[in-house]
Structure formats: C-alpha cells, structure tokens
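Beneath this line is the structure, given in structure tokens, with notes to follow.
Taken together, the values in this text are just the output of simple stated rules run on the coordinates, not laboratory data. Note that the structure is predicted; figures quoted are calculated from it, not measured. Every residue, glycine as well, gets a Cβ built from its backbone with ideal geometry; the counts of neighbours run over all protein chains shown.
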Amino acid sequence: MSPDRLQVKELAAPLRIYQFSDTHLQAHSASDPLIPESWKTSPKPVLPCSNEELVDQHLERAAEGGADLILFVGDLFHFPTPENRNLVLNAVKNCPVPVWTVPGNHDWFYPGQDGWEELREQQLPLLNPVFGESPSYWLREHGGLRILGLDNSTYFLTGEQADFLEQALEDPAPLLLMIHIPISAPGLREATIAKHGNPILMADPEGRERQGIDPEPTRRAMHRLRHASCLRGIVSAHVHLPYSCEVFPGVTQWIAEAGYRGGYRWLECHP
Ligand SMILES: [Fe+2]
Ligand SMILES: [Fe+2]
C-alpha cells in the first residue's frame, strides 16, 4: 500500500508513522465469568491467527519498515481482560519503536454489556497502563510534530477534553489529532452507513445528541478544529474500512482497514 504523504514544513527531518487499529484481541481465561458462553461458542470477529501473532505482525512490519512512531488507534482489544492487557504490554515492551495509543469503544466493554461513560469509567482502568497515565487526553511531541490523543470512544467529548484541545490549538506548532471514532464527513458518512447501517461517527448530524450528555463540548471542539491553522491531519479508526477524506479545509482524516484483517497505513510526514 502506498504511503500517505503529508507536508509539514516545520519538520527538520522526515517522520514515518505506522498507523493501525481494531485488532480486537481476544486473549482470555476459559473461566472468565464476564465472557458470555454464546460468544465463546462462536467468537466474533474471527481472528486470522493467534492474538500474539497478530500484534507481533503489526509491530514487526512497522519496525522493519522504518517507523519512527507507531499509532495504535483503539479497539486494541475486544474486551478488557488481564490476558489481553498483559499481551499488549509485553509486545510493546519488546518493540524498538514507541507505540502510542488511544482507547476505542471495544477496549472497555465485554460482549453483551450495555453502557457508555459509566461503563468506560469502571472498566477502562482494568487495562492500565496500556493507554498511559491520562487516557482521556494527552499531548506529546515527536521530531517536531505534536500529536494530541483524545478518548472519544463514547462519541462525545467532555468539557475538560474540549478545554485541553482548545488550549493546544492556540500553539501554532504543527499538530496531528489521534481519535478512535472518526469525525463525520460527506463520503465517509455514506460509506459507513453502507457498511454498518448507521453513521457510527463523531459529530454526525444523526448522532449529535444522547440523553444525559451535554453535546456542547463536542460541538465547540469541532468548531475549533475546523478553524485551527496548526491542525495538519487526523488519524482515526473504528469503521473497519480503509478511507481518507478531507474533513476540514486542508485537513485529511486517515482510517485504516481493521488490524485483524491486516489493515494498516503509513503516513510519511516530510518538510
Ligand atoms: Fe473496531
Ligand atoms: Fe470501535
């Protein structure tokens, strides 16, 4: 697959980023009471190889391909078991390239469970420290490019996340946004509905409200992103289809095919 190219004039040297997501790892103990029998008899999605092999294949491809940085864009796991957590911590420890992560919706729920923010609050900590010290939002820098990670795995952002984003966007230094759920855009919206039956996207015209959730911080964040001159691109995931499109003027959003189906993307940032 030919790499995506992004010119970032401020960079001193090229930066090669390996993007993957949605591996939906399924390591678990046979006696785990949180995994329903119905799922065990017919696991979905079906992985093409062992959990370990799947992660190793991606990390090895990234390292062999000369990645400076690996972005693992959520739905690492199909459920938050200790076996899954340990598997990824081990793989990342042995990887020579830094691996940065944001949570996806499947990272914090078991098949059959229902819920949003409360369930995430209860179950995402089971995976510590896979998603770092502050999984809700973080800002880091690599080779002159700032990368801002947000947990948007419930489709909405909190006021605290929007404030953090707003502050980061005041700095003119180039920035790449990393979120699990893509931002809705024409074209992507239709492709997502064709595949999933629903526009499972953030800030989508159909999903801008949910009972008990204040939609204002998400709306404010979208407005700020649209007008931010430092924003150079967005990497996202979740819809399990390879797609790229302009989401704000001059800003491309890149999505890789699901990692368990062999999906990944290379992003080459060059001065
Ligand atoms: Fe997924
Ligand atoms: Fe997802």
Here the gain from full extension of residue 208 to residue 56, 0.36 nm per residue of separation minus their alpha-carbon distance, amounts to 51.0 nm
For the residue 30, residue 227 Cβ pair and Förster radius 45 Å, calculated FRET efficiency rounded to 0.05 is 0.30
Considering only DSSP beta bridges whose two residues both sit in the chain, what percent are antiparallel, to the nearest 5?
40 percent
Packing-ranked peptide list from 107-116, 88-97, highest mean Cβ count within 10 angstrom first, is 107-116, 88-97
Need one number: nm distance between label points at residue 11 and residue 114, each 7 Å from Cα along Cα→Cβ, rounded to one decimal.
4.6 nm
Phi-based couplings in Hz for the stretch 78-89 (Karplus 6.51, -1.76, 1.60; Gly and Pro marked x)
8, 6, x, 7, x, 5, 4, 4, 5, 4, 6, 4
For the chain, what is Rg from Cα atoms divided by 2.2 N^0.38 Å, rounded to two decimals?
0.96
If packing is taken as the average number of other Cβ atoms within 10 Å across a peptide's residues, how do 120-128, 192-200 rank, most packed first?
120-128, 192-200
Cα gyration tensor category, rounded, prolate or oblate, for the stretch 1-81 with a/c compared to 1.5
prolate
Going highest first, how would you order 257-263, 233-239, 63-69 by mean Cβ packing within 10 Å?
233-239, 257-263, 63-69
Starting from the Cα of residue 195, draw a straight line to each of the aspartates and glutamates and keep only those under 17 Å, dropping any in the same chain fewer than 8 residues away.
22, 204, 206, 257
